[in-house]
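The values are calculated or read from the model by the stated rules, or taken from the named source; none is laboratory data. These figures come from a predicted structure and were not determined experimentally. Using ideal geometry, Cβ is built from the backbone for each residue, glycine included, and neighbour counts are taken over all protein chains shown. For accessibility, only protein heavy atoms count, side chains too; no ligands or nucleic acids. Shrake-Rupley method; radii C 1.70, N 1.55, O 1.52, S 1.80 Å.
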Amino acid sequence: MRGRFAPSPTGDLHLGNARTALLSWLQVRSAGGRFVMRVEDLDPGRVREEYLESQLLDLRWLGLDWDEGPDVGGDFGPYLQSARQANYEDALQQLSEQGLLYECYCTRKEIAEAANAPHADEEGPAYPGTCSGRPPTGSLGRPAALRFRVPAGEVLFDDALHGTTVSDPAMEVGDFVVRRKDGVAAYQLAVVVDDAAMRISDVLRGADLLSSTARQIPLYQALGLEPPRWTHVPLVLSADGERFSKRSGALSLRELRERRVAPQRVVGWLAATCGLAPRGAELPAAELIGRYDPARLPREDTRVDIPEWLRS
Ligand code: GLU
């Protein structure tokens with residue numbers, strides 16, 4: 001069993017990210033598997049070096065560790081996506097040979113909506129296929145994005161928390177971008193190529209990515225790769241239904257660390273929000289190993305009051 005956490009160094013980690021990281025670490029550690037840290041630093045406009053360092057410090061401060069990652073090496077590296085462009089180009093080549101890609105010259109705004117954001121609520125309407133009739137290479141002689149021809153029909157997959165999940169990516173998102181106009185591989189492609197290359201057997205991530213999974217499955221199929229087992233865990237939201245972030249008033253992990261809040265208190269609070277520890281518990285992450293049980297996890301996004309000590 002091999003699992004991973006895949007942070008994007010585009011900001012500080014918040015408590016929602018921390019809960020997902022903790023759960024994926026517990027899933028792996030309680031099964032005696034190997035935990036991989038993969039940094040998803042593909043978006044040159046948003047990624048900042050300082051976040052990369054502080055995110056890894058935050059996760060170690062919480063008590064998590066990893067067997068492979070950018071700072072510890074491993075057999076399936078590099079573990080920074082920015083150093084894996086050749087792997088993405090190989091995959092694109094394979095897709096192109098099957099006639100599954102086409103160039104798209106639609107506006108930047110449309111492309112940004114489809115390519116940058118793995119999160120469903122940030123996405124626009126389904127791509128209508130405007131460029132789908134274009135010949136495969138350089139037809140307009142200026143930079144184009146590459147879109148993947150999504151096969152028509154429903155995609156079914158099994159999720160450890162949600163059971164059988166059905167969706168229709170061809171209807172819901174249409175042909176999606178796998179390489180942006182600036183040549184950078186899009187999240188959907190990079191995540192599939194890397195999870196397969198890093199032999200990830202179990203992907204545990206936020207439920208906001210459920211709709212992305214339905215897009216990734218046809219990519220696995222087209223590339224002849226074996227998909228992992230999926231666990232999409234609910235998000236933790238503030239009482240008014242916002243994701244934890246600066247806006248919700250909650251401190252980031254970096255701020256908590258810098259204020260010298262005890263990490264055991266943060267771990268205890270996170271564990272209590274998902275039924276793995278009683279309210280008010282304070283304990284090191286390692287004490288939760290063995291308590292991980294998908295049957296005890298909430299199925300729905302969890303709204304919580306942000307206690308005073310977690311507020312900015
Ligand atoms: N880098 C993605 C994010 O931060 C995670 C994607 C994944 O776990 O598949 O949302």
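Just a yes or no: is a residue in the stretch 87-94 within 16 Å of the ligand (Cβ to nearest atom) and at pLDDT below 95?
No - not one qualifying residue is present in the stretch 87-94.
Out of the stretch 68-77, which residues are surrounded by 15 or more Cβ atoms within 10 Å (Cβ to Cβ) and not in a strand (DSSP E or B)?
P70, G74, F76, G77
Check off (1) among the hydroxyl-bearing types (S, T, Y); (2) within 16 Å of the ligand (Cβ to nearest atom); (3) within 24 Å of Y51 (Cα to Cα) for S248 and give me the number that stays unchecked.
Here S248 meets the rest and fails (2).
Quick check on the stretch 30-57: of everything there that is closer than 18 Å to V191 by Cβ and assigned to a helix (DSSP H, G or I), which residue is least open to solvent (accessible area, probe 1.4 Å)?
Checked the stretch 30-57; the qualifying residue least open to solvent (accessible area, probe 1.4 Å) is Q55.
So which residues in the stretch 78-110 are assigned to a helix (DSSP H, G or I), over 18 Å from G133 (Cα atoms) and open to solvent by less than 50 Å² (accessible area, probe 1.4 Å), if there are any at all?
Passing the criteria: Q81, Y88, A91, L92.
Just to check your reading of the model, which residue among D202, D195 is charged (D, E, K, R), within 21 Å of Q81 (Cβ to Cβ), surrounded by 20 or more Cβ atoms within 10 Å (Cβ to Cβ) and within 12 Å of the ligand (Cβ to nearest atom)?
Checking each option against the conditions leaves just D195.
Just name the residue that is nearest to the ligand (Cβ to nearest atom) out of those in the stretch 206-234 that are charged (D, E, K, R) and open to solvent by 10 Å² or more (accessible area, probe 1.4 Å).
Selected residue: D208.
(1) without any contact (Cβ under 8 Å) to a residue 24 or more places away in the chain; (2) surrounded by 21 or more Cβ atoms within 10 Å (Cβ to Cβ): which one isn't true of L15, the others all being true?
Going through the list (1) without any contact (Cβ under 8 Å) to a residue 24 or more places away in the chain; (2) surrounded by 21 or more Cβ atoms within 10 Å (Cβ to Cβ), L15 breaks only (1).
Considering R4, R60, which residue is under 29 Å from V178 (Cα atoms) and either assigned to a loop (DSSP other than H, G, I, E, B) or at pLDDT 95 or above (or both)?
R4
Residue by residue through the stretch 18-28, note down the ones that are of a type outside the set (A, V, I, L, M, F, W, C), more than 9 Å from the ligand (Cβ to nearest atom) and either open to solvent by 10 Å² or more (accessible area, probe 1.4 Å) or farther than 16 Å from V236 by Cβ (or both).
Q27 - this is the single residue of the stretch 18-28 that is of a type outside the set (A, V, I, L, M, F, W, C), more than 9 Å from the ligand (Cβ to nearest atom) and either open to solvent by 10 Å² or more (accessible area, probe 1.4 Å) or farther than 16 Å from V236 by Cβ (or both).
Which residues, counting only those in the stretch 251-287, are more than 24 Å from the chain's Cα centre (by Cα) and of a type in the set (K, R)?
If the condition is that a residue be more than 24 Å from the chain's Cα centre (by Cα) and of a type in the set (K, R), then R259, R260, R265, R279 are the ones that fit.
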